[in-house]
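Some notes on the structure that comes next.
The values are calculated or read from the model by the stated rules, or taken from the named source; none is laboratory data. In this text the structure is predicted, and so the values were computed from the model without any measurement. Ideal geometry is used to build each Cβ from the backbone, glycine not excepted, and the neighbour counts take in all protein chains shown.
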Amino acid sequence: MLTGPKRKSILNPKLLEHADIPLWRRKLRDSGRRLVVTNGCFDVLHVGHVRYLGQARALGDVLLVLLNGDASVRKLKGEGRPINPAEDRAEVLAALAAVDAVAIFDTPRCDDLLRLAGPDVYVKGGDYTPESLDSGERAALEACGAEIRILPLVPGRSTTATIGRMRGGG
């Protein structure tokens, strides 16, 4: 059984623990609501993220963001990352109107959470293709019949570029 770290805050009901996702999802299904899921690091939030999340949310009724935990970000992005800890990143994402819920995962991939959430639509940015998605994540999406959508990147807007500018790299 997949269990996530105990991070849910009474003050922020948008932050979901892994164990809460099946009941949360069942309520969405019962009400006929279309679930869109995306995942990522969202380390230093920028306009590209905000536009992407707004476009993702427009594809359904509810947007769940699966957020890479700190160890996962470090493995994907290297030492010195994340800039912001997972709890801070989750709270910032949850504050956005486009985001209905956030769940943090500490594993390298989110296939277990995708199985729990059973999205109707799964969204990734234009630096991916359906074929380049992690095979375990793709298998989880195929098992639940999720539609996979790739949204275009916002040119010149990335966390890496933002960090480079912050460090004086132009």
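A few remarks follow.
- Helices (runs of 4 or more DSSP H) fully within the stretch 63-170 counting 3 or more residues that are modelled with pLDDT of 95 or more and either closer than 18 Å to Leu45 by Cα or aromatic (Phe, Trp, Tyr) (or both): 86-94
- The criterion of being within 14 Å of the chain's Cα centre (by Cα) and among the small types (Gly, Ala, Ser) holds for Ala90.
- Selection of the stretch 1-24 for residues being in a loop (DSSP other than H, G, I, E, B), modelled with pLDDT of 50 or more, surrounded by 13 or more Cβ atoms within 10 Å (Cβ to Cβ) and not basic (Lys, Arg) yields Leu16, Glu17.
- Flag if Thr107 is of a type in the set (Ser, Thr, Tyr) and buried (at least 20 other Cβ atoms within 10 Å of the Cβ): no
- The condition of being in contact with a helix residue (DSSP H, G or I) (Cβ under 6 Å, 6 or more places away or on another chain) and either touching a residue at least 60 places away in the same chain (Cβ under 8 Å) or of a type outside the set (Ser, Thr, Tyr) (or both) holds for only one of Leu76, Leu59, Leu63, that being Leu63.
- Within the option set Val36, Val44, Val73, being under 15 Å from the mean Cα position of the chain (by Cα), under 17 Å from Asp127 (Cβ atoms) and surrounded by 21 or more Cβ atoms within 10 Å (Cβ to Cβ) holds for one residue only, Val73.
- Some residue of the stretch 26-37 being touching a residue at least 40 places away in the same chain (Cβ under 8 Å) and part of a loop (DSSP other than H, G, I, E, B): yes
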